[in-house]
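Contents: one structure, followed by commentary.
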Amino acid sequence: MDRKKIDSIFKNAAGKRICVIGDIMLDRYMFGNVSRISPEAPVQVFDLKDTMNRLGGAANVSLNIKSLGAEPFLIGVVGNDGMGKILKGELKRLKQDTSGIITDPTRHTTCKTRVISDSHHLIRIDSESKIDIDKNVETAILKKLAGISKKTGYIILQDYNKGVLTKNLISKVLTLAKKNKIKVLVDPKFENFFEFRETFLFKPNKKEIEDAFGRKSKSEEDLNDMVMSLTKKLKCSNVVLTLGEHGMRIYSREKGRITVSSVKTVAKKVADVSGAGDTVISTIAFCLAGGAGVRDAAFISNIAAGIVVEEVGIVPVKGEKLYGKLIS
């Protein structure tokens with residue numbers, strides 16, 4: 001990709017409003033060491049030295065968009081609890097707009113706490129609600145979206161099956177988007193996989209495709225047939241299939257035909273793949289907002305994912321670092 005095109009994408013995307021709707025999470029890291037056994041029971045005693053908070057799920061997507069240089073509007077749900085307050089505080093510290101965050105006192109804020117000793121992951125403690133949000137919260141989300149629908153050309157639906165993206169909400173968001181000519185990008189999970197119809201871009205990974213179809217792909221041709229079937233079933237314009245170390249495959253509908261192209265992976269060393277999928281969908285949306293085509297957006301997002309997997313923990317991709325990689 002030539003530098004003139006790269007410059008144009010970054011310039012045109014700067015400050016563009018991109019809406020993110022979905023499951024927001026708090027990722028906590030507790031660092032310490034283990035040097036003795038408890039006298040109370042045959043378990044290790046963990047001496048806590050430090051705690052780090054990171055944004056996860058849809059909140060990490062929003063942070064990536066902000067870090068790249070566009071302007072996210074995050075819509076999600078937290079509980080009226082300590083983790084919810086920490087999450088909102090972290091959003092504010094990172095200069096994120098929190099006006100789209102809805103507090104539901106009947107739910108727990110989704111929080112994943114990782115206990116780490118000398119680089120060894122000892123245990124992960126999850127606190128969350130997985131039941132669907134109620135009608136009142138659905139209505140509140142739609143009201144938030146309607147308020148910015150004239151100011152955005154892109155909506156990312158970030159589904160982690162934690163109950164925010166209900167079937168009813170998905171249907172209403174897609175209807176509103178179609179009415180306002182907003183392009184919808186989807187990062188799916190198993191439960192609602194086939195609910196995202198007629199979207200602009202659908203970004204599953206291989207495992208999600210196989211889970212949705214209820215079988216393992218036996219060959220590259222078999223996997224290709226599954227994605228082709230998915231593209232026709234959902235009537236989406238584009239499918240970007242992420243394949244980890246094997247890069248990405250892009251299926252685009254053009255004049256009634258589906259064309260297929262590939263992007264090779266670029267990561268040189270992998271320290272932690274956490275959050276890489278969030279980075280991919282964020283970067284694709286950023287590039288599309290800057291005027292890129294889907295294949296160029298996927299290519300750039302693959303570079304972005306290669307940057308973040310070299311870091312430990314969930315980190316956003318920085319616009320200046322990505323730009324530097326692209327022009328080097």
Among the residues of the stretch 102-112, is any surrounded by fewer than 19 Cβ atoms within 10 Å (Cβ to Cβ) and touching a residue at least 60 places away in the same chain (Cβ under 8 Å)? no
With respect to Val77, is the statement that it is in contact with an Asp or Glu (Cβ under 7 Å, 6 or more places away or on another chain), surrounded by 16 or more Cβ atoms within 10 Å (Cβ to Cβ), in a helix (DSSP H, G or I) and modelled with pLDDT of 95 or more true? no
When you scan the stretch 86-93, do you find a residue that is under 17 Å from the mean Cα position of the chain (by Cα) and either under 22 Å from Ile116 (Cβ atoms) or not hydrophobic (A, V, I, L, M, F, W, C) (or both), even just one? yes
With the structure loaded, tell me whether Val260 is of a type in the set (A, V, I, L, M, F, W, C), surrounded by 13 or more Cβ atoms within 10 Å (Cβ to Cβ), touching a helix residue (DSSP H, G or I) at 6+ places or on another chain (Cβ under 9 Å) and closer than 26 Å to Ile182 by Cβ or whether it fails that test. no
If you go through the stretch 39-60, how many residues are of a type in the set (Val, Ile, Thr) and farther than 19 Å from Lys85 by Cα? 2
Tell me, yes or no, whether the stretch 104-117 has at least one residue that is under 17 Å from Ile155 (Cα atoms), at pLDDT below 95 and either in a strand (DSSP E or B) or under 18 Å from the mean Cα position of the chain (by Cα) (or both). no
Candidate set from the stretch 292-327 (those that are touching a residue at least 40 places away in the same chain (Cβ under 8 Å) and β-branched (Val, Ile, Thr)); member that is nearest to Leu241 (Cα to Cα): Val294
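Residue-wise test of (1) surrounded by fewer than 16 Cβ atoms within 10 Å (Cβ to Cβ); (2) within 18 Å of the chain's Cα centre (by Cα); (3) part of a helix (DSSP H, G or I).
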residue	(1), (2), (3)
Lys151	yes, no, no
Gly163	no, yes, no
Val173	no, yes, yes
Val186	no, yes, no
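Conditions tested, residue by residue: (1) touching a residue at least 40 places away in the same chain (Cβ under 8 Å); (2) in a strand (DSSP E or B).
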site: Phe194; (1), (2): yes, no
site: Ala212; (1), (2): no, no
site: Lys233; (1), (2): no, no
site: Leu241; (1), (2): no, yes
site: Thr265; (1), (2): yes, no
site: Phe286; (1), (2): yes, no
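The values are calculated or read from the model by the stated rules, or taken from the named source; none is laboratory data. Computed from a predicted structure; not experimentally measured. So basically every Cβ, Gly included, is an ideal-geometry build from the backbone, and we count neighbours across all protein chains shown.
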